[in-house]
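Trainee: The following block contains the structure, expressed as structure tokens.
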Ligand SMILES: Nc1ncnc2c1ncn2[C@@H]1O[C@H](COP(=O)(O)OP(=O)(O)OP(=O)(O)O)[C@@H](O)[C@H]1O
Ligand SMILES: [Mg+2]
């Protein structure tokens, strides 16, 4: 096979040397041509080489061409195959198309036609790949996977929509688990840099002494462990986006270097002296109040303003409770699929608990809870009793308070529910329950009796 760089590989399958030779001659002008003389050889080449198009003779010595076609399609249903048939076998050509061939040519070949059908098939192949890629990207970064209809989250969607079309530097504020990384990805993948890398780096998770070399790379010998040259995130993200997560954790001297890189659009690897141009879009995120960190000189004020060109404030989940049912539905659907379950939803009581809970871990906490519930539940409906204990209790207290009522009644109700809950966790074992409650077994027995709780 004569291999030229970047030309798509076309495999020609025919047992007649003369046919192989003439097809190769004409196709070689535009493609890299590979040849096979039997069905078996063709299948081997397809498995071994990056074939993009096959010209397949319908009459081969070892296998019927139709059989080879079916095997090719089994191996890769998107691989384009053009069948070569005798002029008088129109019926077989139709049959081939039905089995997945994308076109056919008849012998003797018209060389113009050979080139035209090859171009057409490869163009179609390119489009199919593009559609697959775009679909995948949309799934990854579209709004389809960012759930929410509350006014607060819609405001965020609007900013994303506008800002993704620019190269503006974005700073995302939000409590833990509110979706900061999800939003950063959406901004990148909806914008003009979407074909280029999106590189996340968690500034708080990387040991301080390594962070500079992670960001800017290093030359061989820059420090004791630098046994070879290494590219930093800035260079890897060139023409793409660098996502600086938990930016507030950055040490002051690293902040200075980061600021320089942003202003000059150039970096220097550690231990190197060459300045390297980089074109990187910066999106950063923080879950602490960076402004007050800047005021108290833990964070450079100039860097703060350099990063905070477009601020995005992600609301906590408790500030947009109306999105909770949507998120529950979305995660249930995903985990139903993942665990092959058929859970249809939550009882009203259970949903009320979720709606009243405070969600300190925001969407991530909700997602994890739904995952756990879906994994453990065998029935179709999740009830309040299935919920984690604190969520269940918290939900019911809030409900009592919401309904108003005397403190005495409320605390009585709470006590009863609490004891009931504990008893359930220990499958009715009163000794264990008493120990958990921190009261004597007899005291528990009396309480149960006065509350009308069954043993
Ligand atoms: N609106 C949303 N719709 C669907 N899934 C969401 C949404 N918001 C967050 N998630 C999911 O919740 C999880 C946490 O989101 P993400 O990692 O983006 O949060 P974060 O703000 O970066 O959290 P941390 O501060 O802990 O790094 C992810 O699995 C994400 O896909
Ligand atoms: Mg994050």
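Trainee: Once each part is reduced to its C-alpha centroid, what is the distance from the range 407-455 to the range 285-357 in angstrom?
Mentor: 35
Trainee: Right, another one. Based on the Kirkwood radius over alpha-carbon pairs, what value in µm²/s does the Stokes-Einstein equation return for the translational diffusion coefficient of the range 405-455 at 37 °C and 0.692 mPa s? Before the final figure, lay out each step's value.
Mentor: Values: Rh = 11.0 Å.
Approximately 297 µm²/s, per Stokes-Einstein.
Trainee: Can you sort 389, 189, 234 from fewest to most other Cβ atoms within 10 Å of each residue's own Cβ?
Mentor: Details: 389 13, 189 18, 234 26.
Least crowded to most crowded, the residues run 389, 189, 234.
Trainee: Tilt of helix 441-451 relative to the longest C-alpha principal axis of the chain, in degrees (0 to 90, nearest 10)?
Mentor: Roughly 90 degrees between the two axes.
Trainee: Rounding to the nearest 10 and keeping the result within 0 to 90°, find how far the Cα-based axis of helix 362-376 lies from the longest principal axis of the chain.
Mentor: 80
Trainee: Moving on. Largest first and in whole Å, what are the equivalent-ellipsoid semi-axes of the range 259-321 based on the Cα gyration tensor, each being the root of 5 times an eigenvalue? Before the final figure, lay out the partial values.
Mentor: Numbers: eigenvalues 182, 45, 19 Å².
The three semi-axes for the range 259-321 are 30, 15, 10 Å.
Trainee: Counting only DSSP beta bridges with both residues in the chain, tell me the antiparallel percent, nearest 5. Please list the in-between numbers first.
Mentor: Details: 4 of 44 bridges.
About 10 percent, rounded to the nearest 5.
Trainee: Taking the Cβ-Cβ separation of residue 256 and residue 236 as r and a Förster radius of 22 Å, what is the calculated FRET efficiency to the nearest 0.05?
Mentor: Numbers: r = 22 Å, r/R0 = 0.99.
The formula returns an efficiency of 0.50 here.
Trainee: By counting other Cβ atoms within 10 Å of each Cβ, how are 110, 238 ranked from fewest to most? Intermediate values should be presented prior to the final figure.
Mentor: Working: 110 11, 238 17.
Listed from fewest to most nearby Cβ atoms, that is 110, 238.
Trainee: Report D for the range 325-388 in µm² per second (integer): Stokes-Einstein, Kirkwood Rh on Cα pairs, 4 °C, 1.567 mPa s.
Mentor: Values: Rh = 11.6 Å.
Rounded to a whole number, D works out at 112 µm²/s.
Trainee: Would you mind classifying the chain by shape? Square roots of the alpha carbon gyration tensor eigenvalues, ordered a ≥ b ≥ c; an a/c under 1.5 is rounded, otherwise it is prolate if a/b is larger than b/c and oblate if not.
Mentor: It comes out oblate by the Cα gyration axes.
Trainee: In nm, to one decimal, how far is the modelled label at residue 413 from the one at residue 167, with both set 7 Å along Cα→Cβ?
Mentor: 6.0
Trainee: A further question on this structure: Sticking with the crude label model, points 7 Å out along Cα→Cβ, report the distance from residue 181 to residue 158 in nm, one decimal please.
Mentor: Once both label points are built, they end up 2.9 nm from each other.
Trainee: Quick one: angle between helix 180-189 and the longest Cα principal axis of the chain, in degrees between 0 and 90, rounded to 10, please.
Mentor: 20
Trainee: Report the Stokes-Einstein translational diffusion coefficient (µm² s⁻¹, integer) for the range 6-116, Rh taken as the Kirkwood radius over Cα pairs, at 25 °C with viscosity 0.890 mPa s. Walk me through the numbers before you get to the answer.
Mentor: Details: Rh = 13.7 Å.
Translational D for this selection: 180 µm²/s.
Trainee: Most exposed first by the Cβ proxy, i.e. fewest other Cβ within 10 Å, how do 102, 353 rank? Each step should come with its number before you reach the end.
Mentor: On the way: 102 18, 353 23.
Neighbour counts put them in this order, fewest first: 102, 353.
Trainee: Just check the range 217-262 against the gyration tensor rule for me: Cα atoms, a ≥ b ≥ c as the square roots of the eigenvalues, rounded for a/c under 1.5, and otherwise prolate or oblate depending on whether a/b exceeds b/c. Don't jump to the answer; show the numbers that get you there.
Mentor: Values: a/c = 2.21, a/b = 1.37, b/c = 1.62.
Cα axes put the range 217-262 in the oblate bin.
Trainee: For the range 37-85, what does the equivalent ellipsoid look like in terms of its semi-axes, each the square root of 5 times an eigenvalue of the Cα gyration tensor, given largest first in whole Å? Before the final figure, lay out each step's value.
Mentor: Details: eigenvalues 47, 27, 18 Å².
Equivalent ellipsoid of the range 37-85: 15, 12, 10 Å, largest first.
Trainee: Moving on to the next point. Let a ≥ b ≥ c be the square roots of the eigenvalues of the Cα gyration tensor of the range 145-315; is it rounded (a/c under 1.5), or, if not, prolate (a/b larger than b/c) or oblate?
Mentor: Values: a/c = 2.07, a/b = 1.56, b/c = 1.32.
Note, shape of the range 145-315 comes out prolate.
Bear in mind that the values in this text are calculations on the coordinates, not laboratory data. Not measured: the values here are computed from a predicted model. Note that each Cβ is placed from the backbone with ideal geometry, even for glycine, and that neighbours are counted across all protein chains shown.
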